[in-house]
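The values are calculated or read from the model by the stated rules, or taken from the named source; none is laboratory data. Treat the numbers as computed from the prediction; the structure is a model and nothing was measured. Cβ coordinates were reconstructed from backbone atoms using ideal geometry, including for glycine residues, and neighbour counts include every protein chain displayed. Surface accessibility is based on the protein's heavy atoms, side chains included, excluding ligands, DNA and RNA. Shrake-Rupley method; radii C 1.70, N 1.55, O 1.52, S 1.80 Å.
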Amino acid sequence: MTEPFFGNVDLASVSLWLFVVFFALLIFYIQRENMREGYPLEDEEGNSSANQGLFPVPDDKTFKLPHGRGEVTVPSGQNPDRKDLALARTNAANGFPYEPTGDPMVDGVGPASWAPRRDVPELDGHGHPKIVPMAANESFHVAAGRDPRGLPVMAGDGEIAGTVSDMWIDEPEQLVRYLEIELSGGAGKRLVPMTMARIRSNHVKVRSIFGKHFPGVPQHASPRQVTLLEEEKITAYYAGGTLYASEARLEPQLG
């Protein structure tokens, strides 16, 4: 051979095409991995969608969960979707909104909808529940601002629903996630997301729901921890009240 092997090869062009092929395969891989939850696609009736997209659903992969919580296999092992929702179609064509057929805040539909998450508490890196009441941890205290414990809780209609009895903190993040409310009339305790409450000088305001709705707030089973599913239902209830607490809120608002 009188010429080098690569003498007539455009190495720059080869490098470019190798990069293009690699990048295309990378996009294909990442897109498939992104389809481990929520796929295969379904239509509004819960049937398999006729158009599943360009990319196939990935093969099953089993993940070992930390802290002895077993294994989960996706996409086939996903939590089943909620069925028999209290909703009715408003039009035969797809894309139109559904109308609640019952109490949407209780039924968990529309803005009050929730996903069937695991009924176990979220854990920190050491395997302990992340969110716990401040009363169960003496190392935390209110360093600044108004301590809401002992303040009355005013609902969106001005009614006093109860009194703040404790704060539930996210220990790793050192944030208050929930206020615990002792309801009036001995109706028990309920949690309200901190983001849905406003602490005033002499009361705590929860605008999204009215006084009559507080007994209907989903309860947490344990006085020392709250599960992912319970968190989902609690936050959905308050969020749904922003629209459904009053019929007046269903109409367009001019600010």
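One residue stands out in segment 28-75 among those that are among the hydrophobic types (A, V, I, L, M, F, W, C) and open to solvent by less than 80 Å² (accessible area, probe 1.4 Å): the one that is nearest to Gly127 (Cα to Cα), namely Leu65.
For Leu85, indicate whether it is in a loop (DSSP other than H, G, I, E, B) and more than 23 Å from Gly241 (Cα to Cα). No, not satisfied.
Taken over segment 219-231, the residue count meeting the criterion of being crowded, with 19+ Cβ neighbours inside 10 Å and not hydrophobic (A, V, I, L, M, F, W, C) is 5.
Say whether the condition of being open to solvent by 70 Å² or more (accessible area, probe 1.4 Å) and farther than 30 Å from Leu243 by Cα is met by at least one residue in segment 90-107. Talk me through it step by step, then tell me what you get.
Quick first cut of segment 90-107, residues open to solvent by 70 Å² or more (accessible area, probe 1.4 Å) only: 90, 92, 94, 96-99, 101, 103, 106.
Okay, now just the ones that are also farther than 30 Å from Leu243 by Cα, so none.
No: zero hits.
Hey, among the residues in segment 219-243 that are hydroxyl-bearing (Ser, Thr, Tyr) and assigned to a helix (DSSP H, G or I), which one's farthest from the chain's Cα centre (by Cα)? Result: Thr242. Under 6 Å between Cβ atoms, which residue pairs at least 6 apart in sequence (or on different chains) link something in segment 133-149 that is more than 14 Å from Ile199 (Cα to Cα) and part of a loop (DSSP other than H, G, I, E, B) with a partner that is modelled with pLDDT of 90 or more and not β-branched (Val, Ile, Thr)? Here the result reads Phe140/Met134, each pair linking segment 133-149 to a residue that is modelled with pLDDT of 90 or more and not β-branched (Val, Ile, Thr).
Residues are listed down the side, and each one gets a yes or a no for (1) closer than 25 Å to Ala115 by Cα; (2) touching a strand residue (DSSP E or B) at 6+ places or on another chain (Cβ under 6 Å); (3) among the acidic types (Asp, Glu):
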site: Gly145; (1), (2), (3): no, no, no
site: Pro148; (1), (2), (3): no, yes, no
site: Ala161; (1), (2), (3): no, yes, no
site: Trp168; (1), (2), (3): yes, yes, no
site: Asn202; (1), (2), (3): no, no, no
site: Lys205; (1), (2), (3): no, yes, no
site: Phe210; (1), (2), (3): yes, no, no
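If the condition is being crowded, with 20+ Cβ neighbours inside 10 Å and over 17 Å from Lys212 (Cβ atoms), then segment 151-165 contributes only Val164. Quick one: is Leu191 closer than 21 Å to Ala245 by Cβ and modelled with pLDDT of 95 or more? Taking the combined requirement at face value, the residue satisfies it.
How about segment 174-218: which of its residues are of a type outside the set (A, V, I, L, M, F, W, C), surrounded by fewer than 21 Cβ atoms within 10 Å (Cβ to Cβ) and assigned to a strand (DSSP E or B)? If you could, list the steps in order and put the result at the bottom.
Residues of segment 174-218 that are of a type outside the set (A, V, I, L, M, F, W, C), as a first pass: 174, 177-178, 180, 182, 184-186, 188-190, 193, 195, 198, 200-203, 205, 207-208, 211-213, 215-216, 218.
Adding the requirement that they be surrounded by fewer than 21 Cβ atoms within 10 Å (Cβ to Cβ) leaves 174, 177, 182, 184-186, 188-189, 193, 195, 198, 200-203, 205, 207, 211-212, 215-216, 218.
The answer is Arg177, Glu182, Lys189, Pro193, Arg198, Lys205.
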